[in-house]
Amino acid sequence: AQRVTQPEKLLSVFKGAPVELKCNYSYSGSPELFWYVQYSRQRLQLLLRHISRESIKGFTADLNKGETSFHLKKPFAQEEDSAMYYCALSGSARQLTFGSGTQLTVLP
Amino acid sequence: GAVVSQHPSWVICKSGTSVKIECRSLDFQATTMFWYRQFPKQSLMLMATSNEGSKATYEQGVEKDKFLINHASLTLSTLTVTSAHPEDSSFYICSANRGRTETQYFGPGTRLLVL
């Protein structure tokens, strides 16, 4: 069975501060990990995927197979980063399993 | 590219009626589409996987006779909530894979309210 855990339901940081949203997963094979973001009143959209190893909007995430983690990081948070962030895992059936989400609020 | 649309965006219906929700991939072909349900302040829960030209695969606990899924073409999947009841009120979201990529592109969602 595949499982994604996001331990923080709510996270608040000040503008300019570093931010890290935690994600741990459980999967027996080689998963593909994603971060999706949902801004207020908008649809869910892909932020980044681990195989791309890219930085989107200043966010990065590294897959740590030893710790089974895929934490999302940004060195300097901006107010426009305030949103709901979901970590998701895709297994062999191409289905996405979502974590419970973390609501990030960046304070001015 | 990779735009997914849903129609309607919201619907209010009486208990006992059926409601059809459409999910379309506008600029790509999607052999696989997914239907999710999201309750307020909760995560997305996968309901079923819709494959073009074949029967949908439902997740455990999802009634296939209650939530009818049809994937008649490579750009359209429909979800019909049959004999809707107030407990079916929720936000229904579809997504589609583009090609062989694992990335799913999401529709804007349909808010269903059953009175």
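Tell me, yes or no, whether the stretch B:86-104 has at least one residue that is within 14 Å of chain A (Cβ to nearest Cβ), under 30 Å from A:Ser52 (Cα atoms), touching a Leu at 6+ places or on another chain (Cβ under 8 Å) and not in a strand (DSSP E or B). Yes - at least one qualifying residue is present in the stretch B:86-104. Looking only at the stretch A:63-74, which residues are outside any strand (DSSP E or B) and surrounded by 12 or more Cβ atoms within 10 Å (Cβ to Cβ)? Within the stretch A:63-74, A:Leu63, A:Thr68, A:Phe70, A:His71 qualify. Among the residues in the stretch A:10-18, are any without any contact (Cβ under 8 Å) to a residue 40 or more places away in the chain, outside any strand (DSSP E or B) and not hydrophobic (A, V, I, L, M, F, W, C)? Within the stretch A:10-18 (the criterion being without any contact (Cβ under 8 Å) to a residue 40 or more places away in the chain, outside any strand (DSSP E or B) and not hydrophobic (A, V, I, L, M, F, W, C)), the answer is no, since none of the residues qualifies. Is there a residue in the stretch B:36-52 that is farther than 28 Å from A:Ala83 by Cα and surrounded by fewer than 21 Cβ atoms within 10 Å (Cβ to Cβ)? Yes: one or more hits. Taken together, the residues in the stretch B:73-102 that are under 20 Å from A:Leu33 (Cβ atoms), among the hydroxyl-bearing types (Ser, Thr, Tyr) and either buried (at least 19 other Cβ atoms within 10 Å of the Cβ) or at pLDDT 95 or above (or both) amount to 1. One residue stands out among those in the stretch A:28-62 that are aromatic (Phe, Trp, Tyr) and within 13 Å of chain B (Cβ to nearest Cβ): the one that is surrounded by the fewest Cβ atoms within 10 Å (Cβ to Cβ), which is A:Tyr39. Checking each residue in the stretch A:64-102 for being of a type in the set (A, V, I, L, M, F, W, C), modelled with pLDDT of 90 or more and farther than 15 Å from B:Ser43 by Cβ picks out A:Phe70, A:Leu72, A:Phe76, A:Ala77. Just one of the listed residues (A:Val19, A:Val13) is more than 11 Å from chain B (Cβ to nearest Cβ), among the aliphatic types (A, V, I, L, M) and touching a helix residue (DSSP H, G or I) at 6+ places or on another chain (Cβ under 8 Å), namely A:Val19. If you go through the stretch A:19-60 and keep only what is farther than 23 Å from B:Phe106 by Cβ and touching a Lys or Arg at 6+ places or on another chain (Cβ under 7 Å), you end up with A:Val19, A:Glu20, A:Ser26. The residues of the stretch A:83-108 that are without any contact (Cβ under 8 Å) to a residue 40 or more places away in the chain and surrounded by fewer than 18 Cβ atoms within 10 Å (Cβ to Cβ), listed by number, are A:Ala93, A:Arg94. From the list B:Val11, B:Val4, the lone residue that is surrounded by 14 or more Cβ atoms within 10 Å (Cβ to Cβ), more than 26 Å from A:Tyr85 (Cβ to Cβ) and not basic (Lys, Arg) is B:Val11.
The values are calculated or read from the model by the stated rules, or taken from the named source; none is laboratory data. Keep in mind the model is a prediction, meaning the values are calculated, not measured. Reconstructed Cβ throughout: ideal geometry from the backbone, glycine too, with neighbour counts over all protein chains shown.
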